[in-house]
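J.: Supplied in structure tokens, the structure appears directly below.
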Amino acid sequence: MSESFVFRIDGVEITAAPGQTIMEAADAAGIYIPRLCDHEGLRHQGGCRVCTVKAGGRSVAACTQPAEPGLEVENDTPARNRVRRDLVEMLFHEGNHLCPICEKSGNCELQAMAYRLEMTDATRFPYLEPCRDLDASHPDIALDTNRCISCGRCIRASQDVDGKGVFGYVGRGIHRRVAVNGADLAQTDAAVTDEAMAVCPVGCIIRKGEGFSQPIGERHFDHGLIGHEIEGKRK
């Protein structure tokens, strides 16, 4: 078996194993690299680009870029975080994310990422205010594509983990959205126990009857910024 090697993230030495991505090695070392499309247990996609770092002088997606011996990586810098903030702002503007009235508030990774990146100033982009389909046909699940950020987590989870292929993309560009492999969600074999239900980072895939069940103070991101579990591993 090949031996481990060392590279650096923001000047900190990181030990990596052959085949690990920059993000995987960073997670193991307790260094958080922001991400939205990546999720533990799913194949890497590199779609959202929020995890973009500078490695060897060029911008790469940390979730797909293999770590290399001696590599110098810039992650938590003003320049990197400014790019990430722009990307997250555009995700807010491309959908309808009304956090105060959303069932996912406090448990939403997009909302939590905005807090982490200190999105407190007025944004520079126009709100597109789309009017997309809301599918509430299923007895246990609702699909609100107005909140979809095209992270692809539900698609990969449904295909690779659940073995069902319930979800997929339709449309192109800013008109791309998640659709189902039936006339509506009720005409599929989607179930609340599917991994695809659990991995949605926003309020797009919602379990009926559970909205606002957690009071403020007990929601996931009330306990710390997104990524605090990873940073807690650092010695």
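J.: Kindly indicate which of 46, 70 is farther than 15 Å from residue 201 by Cβ, touching a residue at least 24 places away in the same chain (Cβ under 8 Å), part of a loop (DSSP other than H, G, I, E, B) and touching a strand residue (DSSP E or B) at 6+ places or on another chain (Cβ under 7 Å). Give the steps one after another, and end with the answer.
T.: Working: 46 fails: touching a residue at least 24 places away in the same chain (Cβ under 8 Å).
None of the other options fit; the residue is 70.
J.: Hey, does segment 109-129 have a residue that's touching a Cys at 6+ places or on another chain (Cβ under 9 Å), assigned to a loop (DSSP other than H, G, I, E, B) and open to solvent by 30 Å² or more (accessible area, probe 1.4 Å)?
T.: no
Residue by residue, here is whether (1) surrounded by fewer than 15 Cβ atoms within 10 Å (Cβ to Cβ); (2) within 15 Å of the chain's Cα centre (by Cα); (3) in a strand (DSSP E or B) holds:
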{"position": "151", "(1), (2), (3)": "no, yes, no"}
{"position": "157", "(1), (2), (3)": "no, yes, no"}
{"position": "179", "(1), (2), (3)": "no, no, yes"}
{"position": "197", "(1), (2), (3)": "no, yes, no"}
{"position": "212", "(1), (2), (3)": "yes, no, no"}
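J.: Give 226, 216, 174 a once-over and let me know the one that is touching a residue at least 60 places away in the same chain (Cβ under 8 Å) and assigned to a helix (DSSP H, G or I).
T.: None of the other options fit; the residue is 174.
J.: Still on this model: Kindly list the number of the only condition in (1) in contact with an Asp or Glu (Cβ under 6 Å, 6 or more places away or on another chain); (2) surrounded by fewer than 19 Cβ atoms within 10 Å (Cβ to Cβ) that fails for residue 201.
T.: All conditions are met except number (2).
J.: Please specify each residue of segment 181-195 satisfying the condition of being open to solvent by less than 70 Å² (accessible area, probe 1.4 Å) and part of a loop (DSSP other than H, G, I, E, B).
T.: Taking segment 181-195 and keeping what is open to solvent by less than 70 Å² (accessible area, probe 1.4 Å), we get 182, 184-186, 188, 190-192, 194-195.
Residues satisfying the conditions are 182, 184, 188, 190, 191, 192, 194.
The values are calculated or read from the model by the stated rules, or taken from the named source; none is laboratory data. What you see is a predicted model; the values in this text were computed from it and never measured. Note: ideal-geometry Cβ built from the backbone for every residue, glycine included; neighbour counts use all protein chains shown. Accessible surface is based on the protein model in full, side chains and every heavy atom, while ligands, DNA and RNA are left aside. Shrake-Rupley method; radii C 1.70, N 1.55, O 1.52, S 1.80 Å.
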